[in-house]
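What follows draws every value from the coordinates through simple rules; no lab data is involved. Note that the structure is predicted; figures quoted are calculated from it, not measured. Heads up, the Cβs are rebuilt from the backbone with ideal geometry, glycines too, and the neighbour counts pull from every protein chain shown.
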Amino acid sequence: MKIVMIFFLIMILAISLFGTDIALADNNELTELEIQQLKILRLSKVVEEQPSNIELIEDIENYKIGLELYKQSNYQQAIFELLKVKYSTLNLPLYIKSQYLLGDCYRRIEDWDSAIEVYNNLVVDDPILTDYSLFHLAETFRLKGENRESTDTYKQIIENFPQSLITSEVNYQIARNYRELKDTTSAVIYYKNILEDSKDNQLKAKVLLELSEIYWQEKKYIDSLNCLYEILDEGYRLERNSEPEELLVRYFYKIQEDLKDIKISYHIMVKCADILFKYRQYNIAEGLYKEIIETFPEAFDIAEVYYKRARALHYKKEYREAVNQCEEIIAKFPPGEITIKANYLGGNSLRSLGERYLAIDKYEKIIGQYPESYYARQSYLRLAESYFQLKETEKGISLWRELISKYPNSYESMTSLWNLARHYSNNNSYNEALDYYRELSERFSQSRLGDDALYWRGKILENMGSDEEAKIAYEKLVREYPLSYYTERITEQRSDISFTWPVSVSRKEDFTNLEEFLKKYDKIEGKGQLSLLKAELFEEISFYKESIVELKGALNYNSGNIFLLFKLSEVNKKNKDYNVSLNYTEIIFNYLEDNHQLEYLPLELWQSLYPIYYEDTIRERALEYEIDPLLVLAMIREESRFNSWNESVAGARGLMQIIFSTGEWIALKLNLEDFNDDMLFDPEVNIDLGCWYINYLNERFSNDLILVISGYNAGPGTTSKWLKQYDRSDLDNFVENVPYSETREHIKKVTKSYQMYKRLAQVLSEE
């Protein structure tokens, strides 16, 4: 009855404010209830901006005071203010917001009964967020220890709101309740509901992880392993992605050692071996592949396991054994993809043995017999390398040219163009180099080498005295690759190149206004608009998880919408999901860069792309170790994307990607007691160790930025070797001559980020 009355009053107000057309606007995708909800939320914005009576003005003021006190964690005083906000049909969302805050204040001081009373009243009074009101009521019952009441309340959401965006989370909470009640049978039912119905892959991963634990405790060992396998096979992501990998391998060996009567399936054994190989445990992986071959000789894809064993042997540097295994594959299995791969791997192993002419025979065989194969294109590259190693330079050059002619649009053709350009550059054959840089930049524009080619074309033209032609190449680079490392290099060297952000403006007022920018994309209609308004309500009261759920719902109806992507980035930032926030911002920038729309962007968008997180810790440690905090931010951005749980295949962990051996060495220097590898996931510990290491590298390499970044990524010993091997007088040549492609690209990325952080800091400092 109350909802009907609310709707009646809202309709009267709607007609008075907007006329009769509002009843027909944007409702084609909405249910009748959703239409009512949308109108209530729309009108509340107007009412709060232009309150019409003294009582409403007082309620708004009391709500604002209560919200501020809540944010300050002054819950008792917040309760006092929020209790003053009266129920009002004129502005129902204001009342709902105050009640959500009030309920959470009671929960934080563990006054469960008062919180339950608030949520019970909301279930009756709230026609907009009833599913969320029930959710918070159920959660409070659980916190109070009344799991059965909690479960019954969660079930009301499933029964009464089957289309709710929180249904999967409700199923998950019901399963948790049943687990606490020791009713794992019922818990499994609700876990399976999530796996069948949810589109949230991260939640599915969490569910499968917990199911694995249940099955393991129930001695259903194979079911437990299969849950972990599904996470990995489907590519579901967890907060720490290596967790299911570690568990699968650990459980596998536990069964092999203590439960030998249990037969482990083929696919599980292969996945375990693959994990071991991925984390560079080549000896163990090779042994397991061998065991799989012996145990499952008739498996339908056993040929692939033979190949994986050969690959493990190669990475173990047992090249002769790898060659023999490849020959066995070629002899044992019919011609096809697997024999092509075996020939190619065999050729690589022969090269590693120094038997280059035998390797050449392998590569030529692949090119001749399987010209359409990916491995034919790769064989061209390996052939060229082999001839260069044999000092037969012209043959190598000829093969690069042949590859370009035969596969003009391939990745390998792009690589060959770059190789030819660099070869002629290093040998001072500038005209030939210019031709290949030009062809590369034209044929593979917007590729990862397109900007490199333009820069080097300009640099060579400049060295040859063709300054105007060089300027044309540089201007094209700046225009088409504004976020390139080489664009930064030009701005350092040439003052005559027009450069519009990033970043030519130097004052905050020169940037586009954020609201004006977002207005171009904020036309969200129907169900998407309803979800957006709910998300904004939750965001206002700092209920960020709920806001994110609704924003994702809105994005489902407006795929790729920049306004919603920006909102998701901002709310995830507030929720301290920094990596997720950066991911959403990068989606926006990738779109804008692809469409040449990076000029005149809001400052806030750039700050979101180059964010400042963990600021206090970074500043403290940077001051202690006398390093630039902006360099630390650039390092973290490129090392881990601000994901404190990040872990590489080499075992580097945390924000600054520190491997255990390095961390242990630094911990000894810092007298950090009881150091263990899990401590690297702690942001404060990780930043402390990383900052100390940057200081150490600064001292070792005389504050040379490029060498410090190189030393951080490849190791100081390796960098010192390169310093002796390559001429440092030309910075560009030194960077391009770094033989590790990962380090080469890392130098460029960190340097670029560092420059962007410095620019933003300069803009923000000039107020």
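So the values come out like this:
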{"item": "Distant-in-sequence amide H partners of Ile658 (H built 1.01 Å from N, under 5 Å)", "result": "Arg653"}
{"item": "Qualifying trypsin sites (Lys or Arg not before Pro) in the range 446-526, DSSP loop, other Cβ atoms within 10 Å at most 15", "result": "Arg448, Arg507, Lys520, Lys523"}
{"item": "Links that overshoot a 20 Å alpha carbon limit, given the list Lys552/Lys576; Lys545/Lys574; Lys84/Lys576", "result": "Lys84/Lys576"}
{"item": "Coordinate range along principal axes, alpha carbons of the range 2-198, Å, largest first", "result": "56, 44, 25"}
{"item": "Debye, to nearest 20: dipole size of the chain, +1 on Lys, Arg Cβ, -1 on Asp, Glu Cβ", "result": "1900"}
{"item": "Relative contact order of the range 508-609, defined on C-alpha pairs under 8 angstrom at six or more residues apart (%)", "result": "30"}
{"item": "Ranked list, fewest to most other Cβ atoms within 10 Å of each Cβ, for Met656, Met635", "result": "Met656, Met635"}
{"item": "Approximate shape of the range 508-609 as ellipsoid semi-axes (Cα gyration tensor, √5λ), whole Å, largest first", "result": "22, 15, 13"}
{"item": "Spin-label pair Ile330/Leu195, simplified geometry with 7 Å Cα→Cβ offset, distance in nm", "result": "4.4"}
{"item": "GluC sites (Glu not before Pro) within the range 191-253: DSSP coil, no more than 16 neighbouring Cβ in 10 Å", "result": "Glu218, Glu239"}
{"item": "Residue order, fewest to most surrounding Cβ atoms within 10 angstrom, among Glu286, Glu394, Glu480", "result": "Glu394, Glu480, Glu286"}
{"item": "Relative contact order (%) - the chain, alpha-carbon pairs under 8 angstrom, separation at least six", "result": "6"}
{"item": "Mean separation of Cα contacts under 8 Å (6+ apart) over length of the range 615-765, as relative contact order %", "result": "22"}
{"item": "Length added when fully stretched, Asp301-Lys552, from 0.36 nm per residue minus Cα-Cα", "result": "86.4 nm"}
{"item": "Extension gain, Asp261 back to Tyr591 (0.36 nm per residue minus Cα-Cα distance, nm)", "result": "113.3 nm"}
{"item": "In the range 288-331, the chymotrypsin sites (Phe, Trp or Tyr not before Pro) that fall in loop regions by DSSP, at most 16 other Cβ within 10 Å", "result": "Phe300"}
{"item": "Convex hull volume of the range 103-234 per residue (C-alpha atoms, cubic angstrom)", "result": "107"}
{"item": "Built amide H within the under 5 Å cut-off of Phe444, gap 5+", "result": "none"}
{"item": "Residue (of Ile40, Thr130, Asn53) at the positive-pole extreme of the range 2-198, dipole from beta-carbon charges", "result": "Thr130"}
{"item": "All-pairs alpha carbon distance profile, the chain, 20 Å steps from 0, percent", "result": "13, 37, 36, 13, 1"}
{"item": "With 10 Å bins from 0: P(r) over the range 644-741, alpha-carbon pairs, percent", "result": "15, 43, 29, 11, 1"}
{"item": "Likely footprinting exposure, His596, His136, His267, His423, fewest C-beta neighbours within 10 Å first", "result": "His596, His267, His423, His136"}
